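What follows is a set of notes on a single structure, which appears directly below.
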Amino acid sequence: NAGVTQTPKFQVLKTGQSMTLQCAQDMNHEYMSWYRQDPGMGLRLIHYSVGAGITDQGEVPNGYNVSRSTTEDFPLRLLSAAPSQTSVYFCASTRLRGQLGTEAFFGQGTRLTVV
Amino acid sequence: ELKVEQNPLFLSMQEGKNYTIYCNYSTTSDRLYWYRQDPGKSLESLFVLLSNGAVKQEGRLMASLDTKARLSTLHITAAVHDLSATYFCAVVAGTASKLTFGTGTRLQVTL
């Protein structure tokens with residue numbers, strides 16, 4: 001059981017380049033999210049999805065696009081990379097457990113540097 | 001807008017000592033989570049607190065939730081070096097998948 005798989009683990013981009021961070025989960029969860037982690041700021045929500053075909057913006061969506069064509073995959077696209085997007089990116093897949101709350105499973109992260 | 005504050009941001013403590021990390025949040029929520037993150041690693045779920053007065057314990061860590069005060073605490077008892085990590089609290093408000101995280105507390109346990 002792979003859980004949440006993110007690729008790549010590391011990436012260096014030049015300013016203005018575009019790229020896609022991949023995220024796949026094999027747990028059949030409806031909810032998936034992307035966060036970025038910056039020193040001293042915790043994790044901040046970029047975009048999220050409550051099911052295939054449905055996405056919405058989080059706290060810091062500018063410069064990023066997402067799509068959710070299948071339950072399993074939730075790619076994050078950087079349209080034109082900027083140094084301010086240097087960060088560690090985490091994808092999460094969330095299971096609803098009714099009165100037991102939710103349980104989020106995180107990928108291993110992608111460390112992105114924009115030069 | 002939901003805001004989650006943790007303090008302290010950094011904590012250096014000796015082995016064997018006790019300490020508490022605090023997590024305050026700004027709007028009503030009855031679901032609070034604690035995570036641990038080791039350097040360069042992903043987040044590991046520690047506790048889920050779902051109601052006022054909830055208390056969970058695992059080893060030397062104990063978490064509690066006071067929804068009226070909008071406060072959760074993570075208490076460390078007789079710290080050991082293996083507890084060195086960054087600890088995050090996170091609160092859910094509204095849509096189930098939207099976790100709002102605190103800034104994290106970096107804990108360093110020294111001999």
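With respect to (1) surrounded by 18 or more Cβ atoms within 10 Å (Cβ to Cβ); (2) free of Cβ contacts under 8 Å to residues at least 24 places away in the same chain; (3) of a type in the set (A, V, I, L, M); (4) more than 8 Å from chain B (Cβ to nearest Cβ), the lone exception for A:Leu45 is condition (4).
So that you can scan it fast, the table gives a plain yes or no per residue for (1) part of a strand (DSSP E or B); (2) over 30 Å from B:Asn7 (Cα atoms); (3) modelled with pLDDT of 95 or more; (4) touching a strand residue (DSSP E or B) at 6+ places or on another chain (Cβ under 7 Å):
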site	(1), (2), (3), (4)
A:Gln11	yes, yes, yes, yes
A:Gly16	no, yes, yes, no
A:Tyr35	yes, no, yes, yes
A:Phe90	yes, no, yes, yes
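Of all residues in region A:76-101, those being free of Cβ contacts under 8 Å to residues at least 60 places away in the same chain and within 12 Å of chain B (Cβ to nearest Cβ) number 6. Within region B:52-76, the residues that satisfy the criterion of being among the hydroxyl-bearing types (Ser, Thr, Tyr) and more than 14 Å from chain A (Cβ to nearest Cβ) are B:Ser64, B:Thr73. Looking only at region B:15-44, residues that are free of Cβ contacts under 8 Å to residues at least 60 places away in the same chain, farther than 17 Å from B:Thr103 by Cβ and either loosely packed, with under 13 Cβ neighbours inside 10 Å or away from chain A (no Cβ under 11 Å) (or both) come to 3 in all. B:Ser51 falls short on exactly one of the conditions (1) in contact (Cβ under 8 Å) with a residue 60 or more places away in the chain; (2) of a type in the set (Ser, Thr, Tyr); (3) in a loop (DSSP other than H, G, I, E, B), and that condition is (1).
I'd like to check something: does region B:64-76 contain any residue that is within 12 Å of B:Arg36 (Cβ to Cβ), of a type outside the set (Phe, Trp, Tyr) and touching a helix residue (DSSP H, G or I) at 6+ places or on another chain (Cβ under 9 Å)? There is at least one residue in region B:64-76 that is within 12 Å of B:Arg36 (Cβ to Cβ), of a type outside the set (Phe, Trp, Tyr) and touching a helix residue (DSSP H, G or I) at 6+ places or on another chain (Cβ under 9 Å). Residue-level check: of (1) assigned to a strand (DSSP E or B); (2) at pLDDT 95 or above, A:Ala104 misses just (2).
Residue-by-condition table, conditions (1) buried (at least 19 other Cβ atoms within 10 Å of the Cβ); (2) closer than 14 Å to B:Leu99 by Cα; (3) out of contact with any Lys or Arg (no Cβ under 9 Å at 6 or more places or on another chain); (4) free of Cβ contacts under 8 Å to residues at least 12 places away in the same chain:
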{"position": "A:Gln11", "(1), (2), (3), (4)": "no, no, no, no"}
{"position": "A:Ser18", "(1), (2), (3), (4)": "no, no, no, no"}
{"position": "A:Gly58", "(1), (2), (3), (4)": "yes, yes, no, no"}
{"position": "A:Pro61", "(1), (2), (3), (4)": "no, no, yes, no"}
{"position": "A:Phe74", "(1), (2), (3), (4)": "yes, no, no, no"}
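For region B:54-79, the set of residues classified as part of a loop (DSSP other than H, G, I, E, B) and under 19 Å from B:Thr27 (Cβ atoms) consists of B:Ala54, B:Thr67, B:Lys68, B:Ala69, B:Arg70, listed by residue number. Entry remark, region B:77-102: residues being within 14 Å of chain A (Cβ to nearest Cβ) and either in contact with a Gly (Cβ under 8 Å, 6 or more places away or on another chain) or more than 20 Å from B:Asp38 (Cα to Cα) (or both) number 15 in total.
The values are calculated or read from the model by the stated rules, or taken from the named source; none is laboratory data. Since we're looking at a predicted model, the values are computed, not measured. Cβ atoms come from the backbone with ideal geometry, glycine included; neighbour counts cover every protein chain shown.
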